[in-house]
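Note sheet for the following structure.
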Amino acid sequence: MSVREITVQELKTALDAGASVVDVREASEYEEGHVPSAQFIPLGTIADNIDVFRSNHDVYVVCHSGGRSMRACEFLHEQGITNVVNVIGGTSGWIAVGNTVNLGTNP
């Protein structure tokens, strides 16, 4: 089964409807600006936080441009968690289309 993907515009619509998003970048990247409401779980800690992704709803995964989030989604698929969705373009794409970001450590 392949990982589903969405655009940053589709992510905005999903978030407006109450969706969950997880940011898998490093702490300094997250603090410099992240999608509002994004939960911070660095890529290297996904295995330790796997329960965060267990849900009856889609969980959107974002990084800087879509590469690390795809790796996270692929790992989660290997663990049987198939409700994760990669965000194409990542946070840089989110910013490029004019969406706001939160700064610091608070989502």
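List every residue pair whose Cβ atoms sit under 7 Å apart, with the two residues 6 or more apart in sequence or on different chains, where the first one lies in the stretch 6-26 and is surrounded by 18 or more Cβ atoms within 10 Å (Cβ to Cβ) and the second, anywhere, is among the basic types (Lys, Arg).
Cβ pairs passing all conditions: 24/68; 25/68.
Those residues that are in contact with a Lys or Arg (Cβ under 7 Å, 6 or more places away or on another chain) and among the β-branched types (Val, Ile, Thr), I need them from the stretch 33-86; list them, please.
81, 85
Examine the stretch 41-62 for a residue that is surrounded by 16 or more Cβ atoms within 10 Å (Cβ to Cβ) and in contact (Cβ under 8 Å) with a residue 60 or more places away in the chain, and state whether such a residue exists.
Looking through the stretch 41-62, none of the residues is surrounded by 16 or more Cβ atoms within 10 Å (Cβ to Cβ) and in contact (Cβ under 8 Å) with a residue 60 or more places away in the chain.
Do any helices (runs of 4 or more DSSP H) lying entirely in the stretch 20-103 carry at least 1 residues that are modelled with pLDDT of 95 or more, closer than 19 Å to residue 2 by Cβ and over 14 Å from the mean Cα position of the chain (by Cα), and which ones are they?
Fully inside the stretch 20-103 and qualifying: 67-78.
Tell me, which residue of the stretch 27-54 that is hydroxyl-bearing (Ser, Thr, Tyr) and in contact with a strand residue (DSSP E or B) (Cβ under 7 Å, 6 or more places away or on another chain) is nearest to residue 10 (Cα to Cα)?
Here the residue is 37.
The values are calculated or read from the model by the stated rules, or taken from the named source; none is laboratory data. The structure displayed is predicted, hence computed values, not measured ones. No Cβ is skipped: glycine too gets one built from the backbone with ideal geometry, and neighbour counts run over all protein chains shown.
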